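The values are calculated or read from the model by the stated rules, or taken from the named source; none is laboratory data. Keep in mind it's a predicted model, so treat the numbers as computed, not measured. So basically every Cβ, Gly included, is an ideal-geometry build from the backbone, and we count neighbours across all protein chains shown. In case anyone asks, the SASA skips ligands and DNA or RNA and just uses the protein heavy atoms, side chains included. Shrake-Rupley method; radii C 1.70, N 1.55, O 1.52, S 1.80 Å.
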Amino acid sequence: RIRINGPLSSIKFSAVFYDEIHKLRNDETATHQACRRIQSRRSFGLTGTAIQNCLLDLWSLFQIVNPNLLGEQKDNFKEYYMRPVLVMRKVKACRSAKKKGKARLQELQHKIKNFMLRRTKKQELSHLLPKKNEIIMYCKLTPLQARLYKNALKSPDFELFTRRYEQCDCGRDQKRHE
């Protein structure tokens, strides 16, 4: 727990490092709000997974390390970035929605690119890590799980995923995943 009150609230740190910052992605928690009240000239967030569930995670984390870079209000971020990107990803999205979503995603990537450093385990740590062992165990689905699985297989989004390497129906001689 972090409590920012009393003498600690008056200290202005040179730098604050938040290790595993992804744990602070819920901006409604007391811990997140306390971290936002910490005064510092610079803040750094360390994580292997900046976005765990949705783009809103990114907005929430940036509110701690670089407040208001992605907008002051969460609802404005949702409306301006999140909604167009989500609509763009739908199978039945029209061309203009896809164009708008792609533009907003590129704009967001451009805004954050100078504030994020990405390194994968494969690039830097592979020689230090043990070989990966996989153990596959099969188990029977419950009736509810089986019904949900069958419904998922019938969805247009799943069909798009399974046919992603096929030629696109649009006639542009591209694969679906491009």
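Backbone amide hydrogens, once placed in the peptide plane, bring Gly45 within less than 5 Å of Tyr18, excluding anything fewer than 5 places away on its chain. What the Cβ-Cβ distance of Gln145 and Gln109 gives, at R0 = 41 Å and to the nearest 0.05, is a FRET efficiency of 0.70.
Per residue, the convex hull around the alpha carbon atoms of segment 52-91 comes to 58 Å³. For segment 147-178, the list of trypsin sites (Lys or Arg not before Pro) that fall in a loop by DSSP and count at most 15 other C-beta atoms within 10 angstrom reads Arg163, Arg164, Arg172, Arg176. Estimated from the Cβ-Cβ distance and a Förster radius of 25 angstrom, the FRET efficiency linking Ser155 and Lys78 is about 0.55. Across the chain, Cα pairs under 8 Å and at least six residues apart give a relative contact order of 12 percent.
Kindly report the accessible area of the chain per residue (heavy atoms of protein chains, probe 1.4 Å, no ligands, DNA or RNA), in Å². Before the final figure, lay out the partial values.
Details: 14470 Å² over 178 residues.
Normalised by residue count, the accessible surface of the chain is 81 Å².
Would you list the membrane-span-like helices of the chain, meaning whole DSSP H runs whose alpha-carbon atoms span at least 15 Å along their axis and whose mean Kyte-Doolittle value is at least 1.6? For the chain, where a helix must reach 15 Å along its axis and average at least 1.6, the hits are 55-65. All C-alpha to C-alpha distances of the chain, sorted into 5 Å bins beginning at zero, yield P(r) values of 1, 6, 10, 13, 13, 13, 14, 13, 9, 4, 3, 1, 0, 0 percent in whole numbers. Considering only Val65, Leu160, Tyr80, the residue lying farthest towards the positive end of the dipole of the chain is Leu160, judged by Cα position with unit charges set on Cβ.
Ignoring ligands, DNA and RNA, please state the percent of accessible area on the chain from carbon and sulfur, probe 1.4 Å. Ligands and nucleic acids excluded, carbon and sulfur give 52 percent. Once the convex hull of all Cα atoms in segment 1-94 is built, its volume per residue stands at 101 Å³.
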